[in-house]
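Below: one structure, written as structure tokens.
Bear in mind that the values in this text are calculations on the coordinates, not laboratory data. Everything numeric here is computed off the predicted structure, so don't read it as measured data. Backbone-built Cβ (ideal geometry, glycine too); neighbour counts: all protein chains shown.
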Amino acid sequence: MPGDHPINPDIDLVSGDFWGRNPHPELSWLRENAPVYFDGRVWGVATHAGVREVSLHPELFCNGDRKSVV
């Protein structure tokens, strides 16, 4: 992982606790600072344009063994 990748320790994209509370401040931070983000376990895409790009090109983007966390 590049050393210049922005990190926010409050973001845990696979945590139920993260999604169970109000994550909007962290999601805003992602959109402004790291629209493509690695939280140490998974990659996340935080903008509509980014999600659309990934969704339209599954041949280019793979989530591990093609299983998704939704």
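Assorted remarks:
- Projected label distance in nm at residue 32 and residue 18, using a 7 Å step from Cα toward the beta-carbon: 1.9 nm
- Estimated vicinal HN-Hα couplings, Hz - the range 4-21 in sequence order (Karplus 6.51, -1.76, 1.60; Gly, Pro = x): 8, 6, x, 10, 10, x, 7, 9, 9, 5, 10, 8, x, 5, 4, 6, x, 9
- The per residue volume of the convex hull around the alpha-carbon atoms of the range 1-58 is 99 Å³.
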